[in-house]
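Visitor: Here it is, the structure, as structure tokens.
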Amino acid sequence: METKRSQELFAQAQRYIPGGVNSPVRAFRAVGGHPLFIQRAAGSRIYDVDGNGYIDYVGSWGPLILGHAHPQVVAAIQRAARNGSSYGAPTELEVELARLITEAVPSIELVRMVNSGTEAAMSAIRLARGYTRRSKIIKFDGCYHGHVDGLLVQAGSGATTFGIPDSLGVPEDYTRNTISLPYNDLGAVEEVVSKQGEEIACIILEPIAGNMGVIPPQEGFLQGIRRLCSEYGIVLIFDEVITGFRVAYGGAQSLYGVTPDLTILGKIIGGGLPVGAFGGKREIMETIAPLGGVYQAGTLSGNPLAMMAGIETLKILSQEETYRKLEEGAQRLTEGMKAAAEKVGIPTFSTRVGSCFCTFFQEGPVTDYASAKRSDTQQYARFFHTMLAEGIYFAPSQFEAGFLSLAHSSEDIEQTIAASTKGFKAALEGTP
Ligand SMILES: *Cc1c(COP(=O)(O)O)cnc(C)c1O
């Protein structure tokens, strides 16, 4: 595989951009080698600047559930662009996307648009604090909610005390109100809440963890947290930036039948353009300016191009059979890969909810961040590079989700399963 042009561009990029990338995981540090520079994409494929095509399971990290450059979405963006790209004044498109979201996700009575998932998480937490007039928050180890200062906390072993920042540049003052607990450990939540419940503004979590591989919630975990939040007046925030419109049209909350107070959305609702949103109970949402005292604003929030891309995407997703098709394709893919791994004799643990999936390079079970981290990342790196050479683009890190789109064909899936035998062999045998 010839990647000369990508290598040249990466060298140039490093002269002007820190590390040559605008988001760190793109740099391929976790798997070695250099990133591929992408020139274009269509359907299930992305094409690099050297002309190589790949079946893509990253899907821009989740948004592209319809596949790349869906003709209806492209046409919608073009229509919107002809009318101007931003006004800083309300538009009918914002009303339309807000209506679609509130109809799809009944727990969202009011919704506000922002420009990224990070911004949505930051604003939702400010809102929860403003509404409850409390300061402390609970998050979970390995759950990612964007690069919000107060959430960049990786708790030490069983740390139920004050958080320690995970990034330089985050003063300890900013994280001292953050408590990070192990995912799927309801007992740990009960213990903290029973002592400090009256001081806790919110519990924020991914209802299906998607940033430490894919880790589904165990039976009773979400329900137990819901019960504790109701009992202590804590705002329950589901970060559905990945799972919203991904695992079901109503998100993970509809799948598990657990109703949060606030929901964070992003990725899919922007149809590939920069969007985030947060919404929920009317009473809580009415605490935001201009109705209430919690300030929140944005120059490009509700941008008409992004609204159009989101509206068109949701309209297509709301058609019948969409999620059944995704489910069937993803099931075939993950079962086929699992069988390939077994035949090769490499221990793997695979997880999947709907069309997001992960193969952990270890025996498992993987239920939280600590167990996810036991994966053999060297094996993953060899698998990744072998698949790439076979024309298949998985995420350049063990701890990311794979995403199937509606554009992936049966042939794409069969080709991926066949190639995975080679990938697993290379991973096991230590050949590159
Ligand atoms: C991607 C992601 C975010 C951050 O969204 P950005 O648009 O990258 O800021 C937040 N939460 C979850 C669960 C995500 O996967």
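Visitor: Taking a 1.4 Å probe, which of 56, 50, 173 shows the most accessible area, and what order do the others take after it? Each step should come with its number before you reach the end.
Guide: Details: 56 10, 50 45, 173 95 Å².
Highest to lowest solvent-accessible surface, that is 173, 50, 56.
Visitor: May I ask for the distance between the Cα centers of the stretch 8-25 and the stretch 114-143, given as a whole number of Å?
Guide: Spelled out, the Cα-based centre of one part sits 31 Å from the other.
Visitor: Report the gain in length on full extension from residue 147 to residue 319: 0.36 nm times residue separation, minus Cα-Cα distance, nm rounded to one decimal. Walk me through the numbers before you get to the answer.
Guide: Numbers: separation 172, 0.36 × 172 = 61.92 nm, distance 3.40 nm.
Roughly 58.5 nm would be gained on extension.
Visitor: Can you give me the accessible area per residue for the chain, using a 1.4 Å probe, in Å²? The partial results should precede the final answer.
Guide: Working: 18580 Å² over 432 residues.
That works out to 43 Å² for each residue.
Visitor: Okay, next question. Could you work out what % of the accessible surface of the stretch 71-317 is carbon and sulfur, using a 1.4 angstrom probe and leaving DNA, RNA and ligands out of the count?
Guide: 52
Visitor: Same structure again: Using label points projected 7 Å from each Cα along Cα→Cβ, tell me how many nm separate residue 166 and residue 389, to one decimal.
Guide: 3.3
Visitor: What spacing in nm lies between the two simple spin-label points modelled at residue 102 and residue 1, each 7 Å away from Cα in the Cβ direction?
Guide: Taking the two extended label points, one gets 4.7 nm.
Visitor: If you don't mind, another one. Compute the length gained on full extension between residue 23 and residue 196: take 0.36 nm times their separation in residues and subtract their Cα-Cα distance, giving the result in nm to one decimal.
Guide: On the way: separation 173, 0.36 × 173 = 62.28 nm, distance 3.61 nm.
Result for the pair: 58.7 nm of gain on full extension.
Visitor: Let me ask another. Quick check on the chain: what does the Kirkwood estimate of hydrodynamic radius come out to from the alpha carbon pairs, in Å?
Guide: On the way: mean 1/r = 0.0449 Å⁻¹.
Value: 22.3 Å, from the Cα pair sum.
Visitor: Sticking with this one: Compute the longest continuous run of the chain that contains no exposed GluC sites (Glu not before Pro); treat a site as exposed when its DSSP state is not H, G, I, E or B and it has at most 12 other Cβ atoms within 10 Å.
Guide: Here the longest run is 3-218.
Visitor: Report the full-extension gain for the segment residue 299 to residue 418: residue separation times 0.36 nm, less the Cα-Cα distance, to one decimal in nm.
Guide: Taking residue 299 through residue 418 to full extension adds about 38.0 nm, to one decimal.
Visitor: State log₁₀ I(q)/I(0) for the stretch 255-413 at q = 0.11, 0.18 Å⁻¹ as given by the Debye formula over alpha-carbon point scatterers of equal weight, solvent excluded.
Guide: Cα-only, vacuum Debye calculation for the stretch 255-413: -0.64, -1.21.
Visitor: Further question on the same structure: What percent do you get for the relative contact order of the chain when only Cα pairs under 8 Å and 6+ apart count?
Guide: On the way: 879 pairs, mean separation 92.3, N = 432.
Relative contact order here is 21 percent.
Visitor: In addition: Among the lysines in the chain, how many pairs, 8 or more places apart or on different chains, have alpha carbons under 19 Å apart?
Guide: Lysine pairs satisfying the spacing and distance rule in the chain number 9.
Visitor: On a C-alpha basis, how far is the centre of the stretch 201-257 from the centre of the stretch 258-302 in Å? Whole number, if you could?
Guide: 17
The values are calculated or read from the model by the stated rules, or taken from the named source; none is laboratory data. In this text the structure is predicted, and so the values were computed from the model without any measurement. Virtual Cβ from ideal backbone geometry, glycine too; neighbours counted across all protein chains shown. Remember, those area values only see protein heavy atoms, side chains included, never the ligands or the DNA or RNA. Shrake-Rupley method; radii C 1.70, N 1.55, O 1.52, S 1.80 Å.
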